[in-house]
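Below: the structure, in structure tokens.
The values are calculated or read from the model by the stated rules, or taken from the named source; none is laboratory data. Source: prediction; values computed, not measured. Positions of Cβ are backbone-derived with ideal geometry, glycine not excepted, and every protein chain shown enters the neighbour counts.
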Amino acid sequence: MADEIRTRQTLLLRLRSPEDRDSWAEFTEIYTPLLYGYCQKRSISHADTADIVQDVMRSVSLAMANFEYDPARGKFKGWLFTAVRHAVGKHFRKSSRRPLSIAETSVLQAMDERVDTSHEEEWETDYQRQLLAWALEKIQPEFNPRIWQVFEATALLDKPPEEVASEFGMSKNAVAVAKSRVLQRLREKVTSVDAEQWEQDLTNNRNLSKSKAAD
């Protein structure tokens, strides 16, 4: 139990130290693409997006100084969602001194309204996809190409074990063992960041993997 609690707290608690550059680099790798994606979906320019992300990261840095793990107060990703929404709203209000485009006006109105459930669901899906993609990229070098290909075929591309076993000249049991090994390591990597819902169904990442395979 102590190890599980320590793992759950690892990244966020390490961020309490501004000098822990490795932890901040890891945090940036995970969350910067998520924040950029949120802004880009709202027709914000690349330059303005960079400013918004910088503001949010500054807010995180200030908040982490006094951070204490308390699941009763809500999830960190929910806090981050609120932070980026407020930063985007602030950006459009500052820009309101000039004429706004139709797209910008729509986004500003959305910032003033109660958060739609679909926005929260979009953020949750994007968060899961980003965290999973990051973890997969990090652990891939730890496995030989054959094991990784078997994992991709079964867990990401959702191919039947029998088909994968035939394709790679392996037994079904060997395929299952290979898949299990990678999934276990994936679980460990993701829970070092977010232990609450590490395995939100690999379906979110299957589409991403299929798209990469098609390119």
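Overview of values
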{"quantity": "Elements of type helices (runs of 4 or more DSSP H) in segment 76-146, at least 2 residues being under 15 Å from residue 33 (Cα atoms), modelled with pLDDT of 65 or more and not polar (S, T, N, Q)", "calculated": "76-94, 117-139"}
{"quantity": "Wholly enclosed helices (runs of 4 or more DSSP H) of segment 153-215 bearing at least 3 residues over 27 Å from the mean Cα position of the chain (by Cα) and modelled with pLDDT of 80 or more", "calculated": "161-168, 172-191"}
{"quantity": "Check on residue 182, surrounded by 15 or more Cβ atoms within 10 Å (Cβ to Cβ), touching a Pro at 6+ places or on another chain (Cβ under 8 Å) and among the β-branched types (Val, Ile, Thr)", "calculated": "no"}
{"quantity": "Of residues in segment 5-55 being under 29 Å from residue 94 (Cα atoms), among the polar types (S, T, N, Q) and surrounded by fewer than 17 Cβ atoms within 10 Å (Cβ to Cβ), the one modelled with the lowest pLDDT", "calculated": "43"}
